[in-house]
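Asker: For reference, the structure I am asking about is given below.
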Amino acid sequence: MNEQEKRYWVAFNMVKGIGAVRFRRLLSVFDSLETAWQAPLATLRQAGLGDKYLENFAQLRSSLNLDHYWEILTSNDIQVITWMDEHYPRLLREIDQSPPVLYVRGEMSASDEIAVAVVGTRRVTKYGRQIAEEIASGLAQNGVTLISGLARGVDAIAHQAALAAGGRTIAVLGSGVDKIYPPEHRSLAERMVKQGALVSDYPLGTRPDATNFPPRNRIISGLALAVVVVEAGEKSGALITASFAADQGRDVFAVPGNIHAPQSVGTNRLIQKGAFPYMGVAELLETLNISGRVQQSTARQVLPVDANEARLLQKLSEQPLHVDELSRLCEMPVAQVSSTLAILELKGLARAVGGMSYVAAREQSSLYTP
């Protein structure tokens, strides 16, 4: 995507109420978002935008200096990543209604697809602090990126421990990447920019309103292979992240705690519902098959998806397809289908299910259901 078109992705992302569903609707009707931005309101109404959204759109279109806004982004080294970019995070792309636009300060690396989210209460205990540091340090030492939300308590402790261990860490914000919250974490955020990234789907200038944080939790879990809840009260926001993780097919781990401690009510309940009890970093890594995932990630980078692989991936789903059927659907020789499937298996993108049949590979989730 060229820079000019990307500006209009940013512009529509600034229109209140236009998210993933309406982005897809606009993309299905218009040949570009630049065309959509310049379209008459009547045409946008025919494209499915209701009066409330049209009012928001019209107000923004008449007042926004898009060139100036883009200059603010570039001058502050803020990257814009959209669905159309190849480097859009692979795991996040898999979730329902993934954010169309991400704002990034710092750098998101291909290695960040091997990531675990660590979340928990702001009112962390001494025990919770110890476990959060243990998990974050262990992940960093094994080359696993740590994802969290920069909040007080468990989040900040985990970010700090990952940095101290020389690892990468990413914070997903419930505000624009220019509005650090809480303010006392600004220095921590600046360190993370050099050793990871700050990420948000909210436009610049968005303040940390309480309603922003539950939706951003779906991005925390969406960027990760698994979520570990260290401590959580009965109504903790960390439980929302765990619920999103389960819906997204991610593994959920919870740290067992004192049954009389309010900070452990949420985690113990998660275990009761089927989450994995966290029993140490080694077991966490083994359960997630981190070494195997690293090999698959390396293979994906060394052997990028070619045209034949892309054709097969388009046909593969959760329903098994025989090699002969794939050959017919893709109009490829059986031998070529078989060799291409072998590469996709190596990359962790396809899986054999017996009888020369294959399915698209999906991350295995825990038994936990919200």
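Asker: Is it the case that region 310-325 has a residue that's within 30 Å of residue 229 (Cα to Cα), at pLDDT below 90, out of contact with any Phe, Trp or Tyr (no Cβ under 7 Å at 6 or more places or on another chain) and in a loop (DSSP other than H, G, I, E, B)?
Answerer: Yes.
Asker: As an exercise: evaluate residue 99 against (1) touching a strand residue (DSSP E or B) at 6+ places or on another chain (Cβ under 8 Å); (2) over 20 Å from residue 189 (Cα atoms) and give the number of the one condition it does not meet.
Answerer: Unmet condition: (1).
Asker: Where in region 69-175 are there strands (runs of 3 or more DSSP E), lying wholly inside it, with at least 2 residues that are closer than 19 Å to residue 3 by Cα?
Answerer: Working: elements: 78-82, 101-106, 115-119, 145-148, 169-172.
Once the strands (runs of 3 or more DSSP E) in region 69-175 are filtered for at least 2 residues that are closer than 19 Å to residue 3 by Cα, what remains is 78-82, 101-106.
Asker: From the list 11, 39, pick out the single residue that is more than 27 Å from the chain's Cα centre (by Cα), surrounded by 13 or more Cβ atoms within 10 Å (Cβ to Cβ) and among the aliphatic types (A, V, I, L, M).
Answerer: The unique qualifying residue is 39.
Asker: Now a separate question. Report the residue count in region 131-142 for those that are surrounded by fewer than 24 Cβ atoms within 10 Å (Cβ to Cβ), in contact with a helix residue (DSSP H, G or I) (Cβ under 7 Å, 6 or more places away or on another chain) and either within 23 Å of residue 113 (Cβ to Cβ) or not assigned by TED's automatic domain parsing to the domain that holds residue 218 (or both).
Answerer: Count: 4.
Asker: Turning to a different aspect of this structure: Determine which member of the set 63, 98 is at negative phi, out of contact with any Ser or Thr (no Cβ under 9 Å at 6 or more places or on another chain) and loosely packed, with under 14 Cβ neighbours inside 10 Å.
Answerer: Sole residue among the options that is at negative phi, out of contact with any Ser or Thr (no Cβ under 9 Å at 6 or more places or on another chain) and loosely packed, with under 14 Cβ neighbours inside 10 Å: 63.
Asker: Of the residues that sit in region 112-130 and are buried (at least 24 other Cβ atoms within 10 Å of the Cβ) and out of contact with any strand residue (DSSP E or B) (no Cβ under 7 Å at 6 or more places or on another chain), which one is nearest to residue 180 (Cα to Cα)?
Answerer: For region 112-130, the residue satisfying everything is 121.
Asker: From the list 193, 144, which one is modelled with pLDDT of 95 or more and not aromatic (Phe, Trp, Tyr)? First the steps, then the outcome.
Answerer: Numbers: 144 fails: modelled with pLDDT of 95 or more.
Matching residue, one of 193, 144: 193.
The values are calculated or read from the model by the stated rules, or taken from the named source; none is laboratory data. Note that the coordinates shown come from a computational prediction; the quantities given were computed from them, not determined experimentally. Here the Cβ is made from the backbone with ideal geometry for all residues, glycine too, and neighbour counts use every protein chain on show.
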